[in-house]
Each structure stands twice: as C-alpha cells, then as structure tokens.
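Asker: First the structure, which I've put down as structure tokens, then a few questions once you've had a look.
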Amino acid sequence: MKIVLAPDKFKGSLTGTQFCAAVEEGINEVLPNTEIVKLPLADGGDGTIEILEYHLKGKRIKVKVNDPLFRDIEASYLYMDSIKTAFIEMAEASGMYLLKKEEQNCFNTTTLGTGELILDAINKGAKSIVLGIGGSATNDCGMGMATALGYKFEDEYGKELMPMGKNLSQVRVINSNDVMGALKSIDFKVACDVTNPLYGKEGAAYVYGPQKGASPDEIEALDEGLKNMSKLFKKQFDRDVQNIKGAGAAGGMGAGTLIFLNAELKSGIDLVKSLMAFDKKIKGADWIITGEGKLDSQTLSGKTIDGVITSAKKQSIPVAALCGSISLSKKEADALGISYTDAVMGKAKSLDDAMQNGYAYVKQMAVNFADQL
C-alpha cells in the first residue's frame, strides 16, 4: 500500500514535516510495510521557503536589508544555482512577525526590504524569481520594493517620497529612468491566493488594514492612495489593475508586482505543487493524508487542502484530512472530496493542550486511520 502525506503546517503547533513524522509513526505501528511518501506543502504564505528547501535542496542566501520600519535586519531567500531560480518570501523582510504589536501599522511600513532581496537575487544571477507575498505588514502598493530596483516616486514638486503607505496619495510621477536594465529579462511568478481588488470596500486597505494596525482614518487615506496609484498605473503604464484578481494582495503588492516586475500572479498552492512535481509523485497512491490547523468552508478556497483535493480527484485517490479543528459536517466533507476526517480538538482537553501536544494527537489519529484500512 502507498500512502502520500501532504499536509500544510498547523500554525503555532506543528510544521508540515513534523506532521509527516507523526503520521508515519502512527501508520507504521499498524501497517509496518506501507510505502509512505512525505510531501509537505505550503500555499505561498509564510513557511513556503522551508517547504521548497525541503523538496528542492537550494542554498539559503542571507542579506542585510530594511525591515518594514526601515531598520537593518538580516533576511534570507532560497537560491538554486542549477536552474538560476530564487524563491523569496516577502514576510522574511516585510512581514508582520518582524514587528512588535505596538509597531504594527501599515500606514508607516515599507516593502523596501523585499525589493532588496530581489535585487540581491538578480545580482547573484537569478533568471527566474518566485515571490510569495503572504504575511506582510505593509500597504505601500509595492512602492518600497520598486524603490530598491531603481524606481522613484515623486510628488507634485518633483521631490522623491519615502516609499511607505502614507505617501501613496502624494505620488504624482513614477520615475523609471534609473530602473535596473536586467529587470526586463527576469521571469517573475508571484504566489497569490487572495482575489481582492486594489482599492474599494473589498480592497487591500479596507479588508486587511485593520489587522495591520491602521486606524479608520488611516485606512481611508490608504484606500485613496491606492486609488491614486491605480490612476498613475493607467496613465503611465497603460494598465488597469483594479479589475485584476489579487491586485490588492499584500497591501497592493499584487498590483505592484504586475506593474514594476511584469509578474504573473499564480495560485500559491498550484505554484508549489508544480515546482515539486506533486502530481507525478502521488501516482499510484492508495490514499493521500493531508491536514492543517483549521478546516472550514472558508479556509478551503485556494488553500493547501484544496490543492491536494484537486490533484487527488484527477487520479481518483481518496483523501483523508487530519486537522487541528474541523467545522465541516461529514456531508460537507464528502461533497468537497474528503473521504475521512479527524480532528485534534475532538481529543484534546483544551486548545492549549492541543497546541502543546499536537504531535502525539496526530500520531494517535494516524493509528486510528490505519486501523480502519
């Protein structure tokens, strides 16, 4: 029997590789001769570099860059010299986790550090760059990233503006005279799983601004700034980004990568699956066991489990989901293509117990699953 393990992380409790180890232990106790293939996944958000590093064996490159508040930090990206490809996670340089609670406010933050990582990768010889844009602390429409690559953002007096959210509405000219020439020859793919437009009530500022620390007045100002950028993109680059799904991702970084990098926005899980040849590796499997911290109807859209189900259906492989918590009924799970479900929260005494002892609970769930095969 061949069983593929293809989980996402359980945030704050288990990594994807730890999940795989726990499930492998559980299955081996019951069915010791099972062929187990470990394919931990990520959907383009934070943690994606670790997963790609696990599968693709690239080299970590460390670089001194600006954090979201223009302070020096060391950030890293993954580089595969053999295929001249860099994998960059925006959260490494411009992520929420880099800031203390009281520092979090996307009115004042920048994506400059992400641009510096891109610049370093290009200088190292990268011809292809995959950029994950989850977990950002920013709402600057990619202005900081673009600044690192030679773009200048000028106000009505021709003065260069600091690349941060609060200055978006003051930009009158995007000056591209000093943009690095190599940029045009790089193939950029951006892992993007949200479909929000750039501005408006469903846009970057209104939907994500509150959780990034902006006040109601600041959110309104940021939205006006994104609208201003959209007009400039149309005027200077002849591109209407507002109607492109995902333009509002990561505080407008989706739109910024389209304009400044000529990038292609892709589903994060699809991008990760293709990079690791997931569909090829699951061939002939009797089961795929997936999992993540929380499974409900909302988390399914464009997420890891959704990607696993899509691949499994094509090859008629049944899917089991072992999760932290599940709020889907058996009927709903069946309709989605999940044949077996189990949750840590059904066994743990409390959330704290579930988080602390996730490994043991997941192993036990794997034993229970194997007992039924």
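Asker: Of the conditions (1) over 26 Å from the mean Cα position of the chain (by Cα); (2) over 20 Å from residue 30 (Cα atoms), residue 371 satisfies every one except a single condition; which number is it?
Answerer: Residue 371 satisfies all of (1) over 26 Å from the mean Cα position of the chain (by Cα); (2) over 20 Å from residue 30 (Cα atoms) except (2).
Asker: Would you please name the residue that is surrounded by the fewest Cβ atoms within 10 Å (Cβ to Cβ), looking only at residues in segment 38-58 that are among the hydrophobic types (A, V, I, L, M, F, W, C) and under 17 Å from the mean Cα position of the chain (by Cα)?
Answerer: Looking at the filtered set, the residue picked out is 49.
Asker: Is it true that residue 137 is within 20 Å of residue 63 (Cβ to Cβ) and surrounded by fewer than 24 Cβ atoms within 10 Å (Cβ to Cβ)?
Answerer: no
Asker: Would you be able to tell me the number of residues in segment 161-213 that are buried (at least 16 other Cβ atoms within 10 Å of the Cβ), free of Cβ contacts under 8 Å to residues at least 40 places away in the same chain and under 27 Å from residue 306 (Cα atoms)?
Answerer: Qualifying residue count, segment 161-213: 1.
Asker: Please go through segment 111-135 and pick out each residue that is of a type in the set (Gly, Ala, Ser) and at pLDDT 95 or above.
Answerer: Within segment 111-135, 113, 115, 121, 125, 126, 128 qualify.
Asker: Tell me which of these residue 335 doesn't satisfy, since it passes every other one: (1) loosely packed, with under 14 Cβ neighbours inside 10 Å; (2) within 26 Å of the chain's Cα centre (by Cα); (3) of a type in the set (A, V, I, L, M).
Answerer: Looking at each condition in turn, residue 335 falls short on (2).
This table checks each residue for (1) over 27 Å from residue 97 (Cα atoms); (2) in a loop (DSSP other than H, G, I, E, B); (3) β-branched (Val, Ile, Thr).
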position: 139; (1), (2), (3): no, yes, no
position: 147; (1), (2), (3): no, no, yes
position: 168; (1), (2), (3): no, no, no
position: 183; (1), (2), (3): yes, no, no
position: 188; (1), (2), (3): no, no, no
position: 194; (1), (2), (3): no, yes, yes
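Asker: Only helices (runs of 4 or more DSSP H) wholly contained in segment 200-279 count here; list those with 1 or more residues that are out of contact with any strand residue (DSSP E or B) (no Cβ under 6 Å at 6 or more places or on another chain), of a type in the set (S, T, N, Q) and within 21 Å of residue 86 (Cα to Cα).
Answerer: Ranges flagged: 268-275.
Asker: Would you say residue 223 is over 15 Å from the mean Cα position of the chain (by Cα) and buried (at least 17 other Cβ atoms within 10 Å of the Cβ)?
Answerer: yes
Asker: Please give the strands (runs of 3 or more DSSP E) falling wholly within segment 23-128 in which 3 or more residues are assigned by TED's automatic domain parsing to the domain that holds residue 215 and more than 25 Å from residue 287 (Cβ to Cβ).
Answerer: 59-66, 72-80, 85-89
The values are calculated or read from the model by the stated rules, or taken from the named source; none is laboratory data. Every value quoted in this text rests on a predicted model; they were computed, and no experiment measured them. With ideal geometry, Cβ positions are generated from the backbone for all residues, glycine too; neighbour counts draw on all protein chains shown.
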